[in-house]
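Read the structure below first, then the notes.
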Amino acid sequence: MPASAKPREGFGPFLGPLFGPFGGGLSMGWPKLAGGLAVRLARMGRELRAAVTSRRAAGRDADVATRRPAGSVTLVGAGPGDPDLLTVAAVKALAAADVVLYDHLVGDGILDLAPAKAERICVGKRSGRHSLPQEEINTLIAAQALAGRRVVRLKGGDPMVFGRAGEEIDHLDALGIPVRVIPGITAALGCAASTGLSLTRRGVSRAVTFVTAHGRDGERFEPDWARLADPQGTLAIYMGREQARAVGQGLTGAGLCAETPVLAVENGCRPDERHHWTTLGAMAADGVAAGKGPTLLLVGEALRQRRQGSGAAYAVDDLGAGHHRGQRLDHD
Ligand code: SAH
């Protein structure tokens, strides 16, 4: 990444010019965000809403539009990690961006597709630091658009799959800010491709379910195991690593065979992709051996054939990344 394209650490550089008095003293490091900036962002949100409402009430929308260029927001799916998996529309939107707000799942190399002069703002978790609360991300996106900028909100995978796109779209709708969505390859489909595992198989799996085993903001959440325990379906479980034992217990408890194959794909479609094979029964006892990278759990009989075709027995093992893009897929 060229030096000029380095992501900014604080919010001061763009808030200053935009918000005058609010911008002062905001060039702070990330750890301080939770305190003073949170309060300021909340105030900014209230002021933005009030400004939009009063303009509408005064019937001056057209006038305002001629005096200040309308900004726009594009929610862009960044795919599972490999820049080659971006859509052409995503590449065009990035190339035209004035500002990119990205989250921690966005793969290396994708941010480089925005112009060097575009502002880059990380709003996601990074190595032990907290992400911005969703309300504050909503406020930031809106503030940038109302300042007349072309805003790209870049999200891992597809924005509409466990991406909180709904909340951001609602917020922009409420402010009358136009928003467009460019789809991305969601983790389940990226991982199916990179592992060479078809999620459906004639006579074996007739349905694919995208599900999360994770509650809202750490809330406890008990999936409907009986509904998910379909022996003729494949489950793609997002955010499931920490809940892997509970998933194994829930699904076997609801009647799925303990021998049902499970593949945990860690860092799918990235150079460090890793595979951790197990079975539902073993996962119920031991969880999965995946590391800290984003990990998708694939569960179902559709996975069995390729695994058996390779001649290996089911076991918890790490298969490494030797089959990554363009390399051989018969990874055993
Ligand atoms: N919008 C994203 C999902 C965000 S939820 C999408 O469509 O893919 C975050 C979860 O997605 C992670 O916890 C993990 O379960 C999954 N995930 C995202 N990227 C992944 C990747 N490269 N490899 C494996 N799983 C991934």
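The values are calculated or read from the model by the stated rules, or taken from the named source; none is laboratory data. This is a predicted model, so every value here is computed, not measured. So basically every Cβ, Gly included, is an ideal-geometry build from the backbone, and we count neighbours across all protein chains shown.
In segment 234-245 there is at least one residue matching the filter, namely being away from the ligand (no atom under 14 Å from the Cβ), surrounded by fewer than 17 Cβ atoms within 10 Å (Cβ to Cβ) and either outside the structural domain of residue 154 (by TED's automatic domain parsing) or within 18 Å of the chain's Cα centre (by Cα) (or both). Taking each residue of segment 149-163 that is assigned by TED's automatic domain parsing to the domain that holds residue 178 and looking for partners that are near the ligand (Cβ under 8 Å from one of its atoms) and at pLDDT below 95 with beta-carbon atoms closer than 6 Å, six or more apart or interchain, yields 155/163; 156/105; 162/212. Only one of the numbered conditions (1) closer than 28 Å to residue 266 by Cα; (2) touching a Leu at 6+ places or on another chain (Cβ under 7 Å); (3) of a type in the set (S, T, N, Q) is violated by residue 131, and that is (2). Mind checking whether some residue in segment 281-292 is crowded, with 21+ Cβ neighbours inside 10 Å, assigned to a strand (DSSP E or B) and in contact (Cβ under 8 Å) with a residue 40 or more places away in the chain? Scanning segment 281-292 turns up no residue that is crowded, with 21+ Cβ neighbours inside 10 Å, assigned to a strand (DSSP E or B) and in contact (Cβ under 8 Å) with a residue 40 or more places away in the chain.
Take the residues in segment 258-272 that are out of contact with any helix residue (DSSP H, G or I) (no Cβ under 7 Å at 6 or more places or on another chain) and in a strand (DSSP E or B), then tell me which one is nearest to the ligand (Cβ to nearest atom). Only one residue tops the list, namely 266. The one condition from (1) more than 16 Å from the ligand (Cβ to nearest atom); (2) outside any loop (DSSP other than H, G, I, E, B) that residue 275 does not meet is (1).
Looking at (1) in a helix (DSSP H, G or I); (2) buried (at least 23 other Cβ atoms within 10 Å of the Cβ), which is the only condition residue 151 fails? Among (1) in a helix (DSSP H, G or I); (2) buried (at least 23 other Cβ atoms within 10 Å of the Cβ), the lone unmet condition for residue 151 is (1). Among the conditions (1) modelled with pLDDT under 65; (2) assigned to a helix (DSSP H, G or I), the only one that residue 69 does not satisfy is (2). Taking the criterion of being part of a loop (DSSP other than H, G, I, E, B), in contact with a helix residue (DSSP H, G or I) (Cβ under 9 Å, 6 or more places away or on another chain), of a type outside the set (Gly, Ala, Ser) and modelled with pLDDT of 95 or more, the residues of segment 219-257 that qualify are 231, 232, 256, 257. Taken together, the residues in segment 190-218 that are free of Cβ contacts under 8 Å to residues at least 24 places away in the same chain, under 29 Å from residue 246 (Cβ atoms) and either in a helix (DSSP H, G or I) or away from the ligand (no atom under 16 Å from the Cβ) (or both) amount to 3.
Test of understanding: among 78, 165, 174, 143, which residue is among the aliphatic types (A, V, I, L, M), within 11 Å of the ligand (Cβ to nearest atom) and more than 30 Å from residue 302 (Cα to Cα)?
Sole residue among the options that is among the aliphatic types (A, V, I, L, M), within 11 Å of the ligand (Cβ to nearest atom) and more than 30 Å from residue 302 (Cα to Cα): 165.
Against the test of being under 30 Å from residue 193 (Cα atoms) and modelled with pLDDT of 95 or more, the options 109, 157 yield a single qualifying residue, 157.
Look through 295, 260 and report the one residue that is under 25 Å from residue 203 (Cα atoms), at pLDDT 95 or above, buried (at least 22 other Cβ atoms within 10 Å of the Cβ) and hydroxyl-bearing (Ser, Thr, Tyr).
The conditions single out 260.
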